[in-house]
Amino acid sequence: MIDLKGRIERITYTNEENGYTVARIKVYGRQDLVTAVGNLSTPTPGEVISMKGEWMNHPRFGEQFKIQYYSTKVPATVYGIRKYLGSGLIKGVGPVIAERIASKFGEKTLDIIESEPDRLTEVDGIGAKRIRMIRKAWDDQKEIRSVMLFLQSHGVSAAYAVKIYKTYGKDAIAMIRDNPYRMAMDIFGIGFVTADKIAEKLGFAKDSPERARAGILYTLHNLADEGHVFFPYDGLIEKSMEILQVERNIIASAIADMALDKRIVIEDLNDDVENYRPNHKAVYLAKYFLCETRIAQRLKALVQSKRSLREANAEKALEWVQQRLGINLDGNQVEAIQCALKSKVMVVTGGPGVGKTTIITGIIEIFKGLKANINLGAPTGRAAKRMAETTGQEAKTIHRLLSYNLQKGGFSRNEKSPLQCDLLVIDEASMIDTVLMHHLLKAVPLNAVLILVGDVNQLPSVGPGNVLEDIISSGIAPVVKLTKIFRQAEKSRIVVNAHRIVQGMMPLFSEDREESDFYFIQRETPEEVLDTILKLVSERIPERFGLNSVQDIQVLTPMNRGVTGTGNLNIALRDRLNPAAGDSPAGVRGFRVKDKIMQIRNNYEKEVYNGDIGGISAIDAELREITVTFDSRRIVYDFSELDELAPAYAVSVHKSQGSEYPAVVIPVTTQHYILLQRNLIYTAVTRGKRLTVLVGTKKALAMAVKNDKTRKRYSRLCTRLCE
């Protein structure tokens, strides 16, 4: 082991997840800067660092010092202090202000900030407001540092220290010591595995009840992420044993305790007493049990209630609306409008080009003629925007329809304060999961008409449940299935091929020189697929179709890992479309100005939701903030909130649901065989509005088209609706 000591000059790279850092260090006694690599917690330019480690020779980057152990301390020299303060460590102090403060107070600067912050008014440009900002940031930073040191001493990445401190405040360390597993539930981005590492270091026994309960909750949440509303009792025990590596009786005992605490609900599935099976039970997280049972109750009540509107003469209404809109409705469409005029709840389902928009527009016109109060909604911002464009009526996301109240921590619209409408039309209903449907139905007035429009051949919701499919299967409401492709849509290869895929037939391909909206490019290896996608997005599609590489073209992929997974594609596409222009400020997780990004969790405070796509318009190292523009809305994120954002040059097919893009490019390789399913390839293909390009092998595409075995999701909604 070699000892080195020096001052951090700049951070070339840092990974927020694991703290892996590449830093340039001015080592005492050496003329040139040294490149040091290792896992460091929030390294800051200007800090003095003492390191133990060894020299190594990187084949690409040359000589580096690999850090094994280190310690840092605040700088003592004026130069170091200037670097330290100007690094963005303290909100409100950038390089210019740092220069002024350090010039004024010299080596006493940090002592002044610590003990006599009011003296900062002696510096030009610093008033009372900025002093309060600096004081708070300095105090927070000390607390965060203590949390970081605590985590580091227990062998855990300090990347989450800011989040932990923001959640628990000054009690953070005491609360973690008391029960580290609570972090897995309380803090986005910290899962059971991280909490379990800390718990082990703190001396929690492997078979402790706290660990068993946390592990079961973690397992149930993972299963919910896979789409399950409940999970069979025996299956849950097996999966929990696999994760926790403890005896069955410990898991069973913890499940019983959690049921008593009402954190989970166990439902007996034995209908026949004679064929009773001891463990034939469903285990729900309490939230999902409540949502599923309430959906069934509310939907039944809605179906059985009377309408607020007078009944219209269907024949006259149909004649009037066709004349008004200048259209001729076919048999299926006539059936749908007639159904809407007499039903309380109905479902309209069908693929692209079958006239769903015409039906919605026709129904809206008739209900407007009846002086009805009409609300239109969709699960995503893009779907709502498209609905508004096609109908000429205002449409909102379901979240905005229900008016999230930050103070109450829930939706303002519910049974006590329902939506003011006689008709509610919801588009892209296949995307609605169990929790959102529960909140939506709570807010629908019992005398209103509810029309759900969706495509059941698409992937089911990202969240748990298969709500639209269960409603259709239950027979609780009439369903109109549209299958006829209209003449105008028949010209689109995207539409024709989407319907072929649903029927288990291979798509029809266009030659590269032929003018079309659907292409397949044969490439054998994942590396060839990647190279072709980069050329398509950056050159070929923009040149031939006049589309913008970042705004108009979306790469959709089945997986997150591998050469053609979202992770690698995003790195390659960003380097091609938005290359780095110098070092990024420390703490920005590698993001760059002009990067295309996606929000990956619902943030009700900022009113941005999972799946929203935007672009980074500014990065402020001084205020430690990133500004993201979603459509025309500018949203500000603190550096500690950046795990809510992910690069979006390439996104998963699941994340693309409810969105349409001018052009989509889709890798289809046998490396993705686990996820190659008919509904996935169908969903991906139908996201393209003007152009869909598949790149890969026909073998992989054939595997996807033939595979109509969708993964079973455990839900009892259909059964409850039938009861």
Go through the residues of segment 699-715 one by one and say whether even a single one is on the phi < 0 side of the Ramachandran plot and assigned to a strand (DSSP E or B).
no
Determine which member of the set 670, 686, 629 is of a type in the set (S, T, N, Q), within 21 Å of the chain's Cα centre (by Cα) and either modelled with pLDDT under 90 or under 30 Å from residue 191 (Cα atoms) (or both).
629
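Provide a single number: the residues in segment 658-697 that are assigned to a strand (DSSP E or B), over 12 Å from residue 556 (Cβ atoms) and of a type in the set (A, V, I, L, M, F, W, C). Step through it out loud before you land on a result.
Of segment 658-697, the ones assigned to a strand (DSSP E or B) are 661-668, 688-696.
Checking the rest, the ones that are also over 12 Å from residue 556 (Cβ atoms) come to 662, 689-691, 696.
Now narrow it down to the ones that are of a type in the set (A, V, I, L, M, F, W, C): 691.
Result for segment 658-697: 1.
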Of the numbered conditions (1) touching a residue at least 12 places away in the same chain (Cβ under 8 Å); (2) more than 24 Å from residue 619 (Cβ to Cβ); (3) part of a loop (DSSP other than H, G, I, E, B), residue 536 satisfies every one except a single condition; which is it?
(3)
Members of segment 183-197 found to be touching a residue at least 24 places away in the same chain (Cβ under 8 Å), farther than 22 Å from residue 642 by Cβ and surrounded by 17 or more Cβ atoms within 10 Å (Cβ to Cβ), listed by number
192
Looking at this structure, is residue 376 assigned to a loop (DSSP other than H, G, I, E, B), within 21 Å of residue 607 (Cβ to Cβ) and in contact (Cβ under 8 Å) with a residue 12 or more places away in the chain?
no
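Evaluate the following for residue 576: is it out of contact with any strand residue (DSSP E or B) (no Cβ under 9 Å at 6 or more places or on another chain), under 30 Å from residue 486 (Cβ atoms), outside any loop (DSSP other than H, G, I, E, B) and open to solvent by 30 Å² or more (accessible area, probe 1.4 Å)? Before you say what the answer is, go through the steps one by one.
Working: out of contact with any strand residue (DSSP E or B) (no Cβ under 9 Å at 6 or more places or on another chain): yes; under 30 Å from residue 486 (Cβ atoms): no; outside any loop (DSSP other than H, G, I, E, B): yes; open to solvent by 30 Å² or more (accessible area, probe 1.4 Å): yes.
No, not satisfied.
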From 612, 643, 595, residue being touching a residue at least 60 places away in the same chain (Cβ under 8 Å), crowded, with 21+ Cβ neighbours inside 10 Å, touching a Phe, Trp or Tyr at 6+ places or on another chain (Cβ under 9 Å) and not hydroxyl-bearing (Ser, Thr, Tyr)
612
Restricting to segment 43-88, count the residues that are under 14 Å from residue 9 (Cβ atoms), among the basic types (Lys, Arg) and touching a strand residue (DSSP E or B) at 6+ places or on another chain (Cβ under 8 Å).
1
Looking at (1) in a loop (DSSP other than H, G, I, E, B); (2) under 27 Å from the mean Cα position of the chain (by Cα); (3) surrounded by 14 or more Cβ atoms within 10 Å (Cβ to Cβ), can you tell me which one residue 516 breaks?
(2)
Identify, by number, the condition in (1) over 21 Å from residue 545 (Cα atoms); (2) among the hydrophobic types (A, V, I, L, M, F, W, C); (3) at pLDDT 90 or above; (4) out of contact with any helix residue (DSSP H, G or I) (no Cβ under 6 Å at 6 or more places or on another chain) that residue 664 doesn't meet.
(1)
The lone exception for residue 681 - which of (1) at pLDDT 90 or above; (2) closer than 20 Å to residue 572 by Cβ it fails
(2)
Selection status of residue 475, in contact with a helix residue (DSSP H, G or I) (Cβ under 9 Å, 6 or more places away or on another chain) and more than 19 Å from residue 656 (Cα to Cα)
yes
With (1) without any contact (Cβ under 8 Å) to a residue 40 or more places away in the chain; (2) surrounded by fewer than 18 Cβ atoms within 10 Å (Cβ to Cβ); (3) of a type outside the set (A, V, I, L, M); (4) in a helix (DSSP H, G or I) as the list, and residue 234 as the residue in question, which single condition is left unmet?
(1)
Checking residue 267 against (1) open to solvent by 80 Å² or more (accessible area, probe 1.4 Å); (2) acidic (Asp, Glu); (3) not in a loop (DSSP other than H, G, I, E, B), only one condition comes out false. Which one?
(1)
What tally of residues in segment 200-231 results from selecting those that are open to solvent by less than 40 Å² (accessible area, probe 1.4 Å) and either under 16 Å from residue 255 (Cα atoms) or among the acidic types (Asp, Glu) (or both)?
12
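Taking residue 342, is it within 30 Å of residue 214 (Cβ to Cβ), surrounded by fewer than 18 Cβ atoms within 10 Å (Cβ to Cβ) and of a type in the set (D, E, K, R)?
no
Residue-by-condition table, conditions (1) closer than 18 Å to residue 380 by Cα; (2) touching a Leu at 6+ places or on another chain (Cβ under 9 Å); (3) of a type in the set (A, V, I, L, M); (4) in a loop (DSSP other than H, G, I, E, B):
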{"site": "554", "(1), (2), (3), (4)": "yes, no, no, no"}
{"site": "589", "(1), (2), (3), (4)": "no, yes, no, yes"}
{"site": "611", "(1), (2), (3), (4)": "yes, no, no, yes"}
{"site": "616", "(1), (2), (3), (4)": "no, yes, yes, no"}
{"site": "641", "(1), (2), (3), (4)": "no, no, no, no"}
{"site": "646", "(1), (2), (3), (4)": "yes, no, yes, no"}
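Looking only at segment 213-231, count how many residues are closer than 16 Å to residue 191 by Cβ and either part of a helix (DSSP H, G or I) or touching a helix residue (DSSP H, G or I) at 6+ places or on another chain (Cβ under 7 Å) (or both).
Summing the residues that are closer than 16 Å to residue 191 by Cβ and either part of a helix (DSSP H, G or I) or touching a helix residue (DSSP H, G or I) at 6+ places or on another chain (Cβ under 7 Å) (or both) in segment 213-231 gives 13.
Between 124, 171, 139, which is surrounded by fewer than 18 Cβ atoms within 10 Å (Cβ to Cβ), modelled with pLDDT of 75 or more and not in a helix (DSSP H, G or I)?
Values: 171 fails: not in a helix (DSSP H, G or I); 139 fails: not in a helix (DSSP H, G or I).
It is 124.
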Checking the structure you have, find out if any residue of segment 342-350 is more than 28 Å from the chain's Cα centre (by Cα), in contact (Cβ under 8 Å) with a residue 24 or more places away in the chain and under 30 Å from residue 655 (Cβ atoms).
yes
Residue 321 passes all but one of the listed conditions (1) assigned to a loop (DSSP other than H, G, I, E, B); (2) at pLDDT below 90; the exception is number (1)
Looking at residue 500 and the list (1) assigned to a loop (DSSP other than H, G, I, E, B); (2) free of Cβ contacts under 8 Å to residues at least 24 places away in the same chain, which single condition is not satisfied?
(1)
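Which residue is farthest from residue 573 (Cα to Cα), if the candidates are limited to segment 689-720 and must be open to solvent by less than 10 Å² (accessible area, probe 1.4 Å) and not β-branched (Val, Ile, Thr)? Steps first, answer last, please.
To start, the set of residues in segment 689-720 that are open to solvent by less than 10 Å² (accessible area, probe 1.4 Å) comprises 691-696, 700-701, 704-705, 717.
Narrowing the set further to residues that are not β-branched (Val, Ile, Thr) leaves 691, 694, 696, 700-701, 704, 717.
Values: 691: 19, 694: 17, 696: 18, 700: 23, 701: 23, 704: 25, 717: 42 Å.
Among those residues, the one meeting the criterion is 717.
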Kindly list the number of the only condition in (1) on the phi < 0 side of the Ramachandran plot; (2) in contact (Cβ under 8 Å) with a residue 40 or more places away in the chain that fails for residue 617.
(2)
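Residue 164: at pLDDT 85 or above, open to solvent by less than 60 Å² (accessible area, probe 1.4 Å), not in a loop (DSSP other than H, G, I, E, B) and not hydroxyl-bearing (Ser, Thr, Tyr), yes or no?
Values: at pLDDT 85 or above: no; open to solvent by less than 60 Å² (accessible area, probe 1.4 Å): yes; not in a loop (DSSP other than H, G, I, E, B): yes; not hydroxyl-bearing (Ser, Thr, Tyr): yes.
Judged against the criteria, residue 164 is not a match.
In this structure, does residue 284 turn out to be among the aromatic types (Phe, Trp, Tyr), part of a helix (DSSP H, G or I), touching a Phe, Trp or Tyr at 6+ places or on another chain (Cβ under 9 Å) and crowded, with 18+ Cβ neighbours inside 10 Å? Can you show your working first?
Numbers: among the aromatic types (Phe, Trp, Tyr): yes; part of a helix (DSSP H, G or I): no; touching a Phe, Trp or Tyr at 6+ places or on another chain (Cβ under 9 Å): yes; crowded, with 18+ Cβ neighbours inside 10 Å: yes.
Taking the combined requirement at face value, the residue does not satisfy it.
The values are calculated or read from the model by the stated rules, or taken from the named source; none is laboratory data. Predicted model only: the values in this text are computed from it and were never measured. All Cβ positions, glycine included, derive from the backbone under ideal geometry; neighbour counts span all protein chains shown. Protein only, heavy atoms only, side chains kept; ligands, DNA and RNA dropped before computing areas. Shrake-Rupley method; radii C 1.70, N 1.55, O 1.52, S 1.80 Å.
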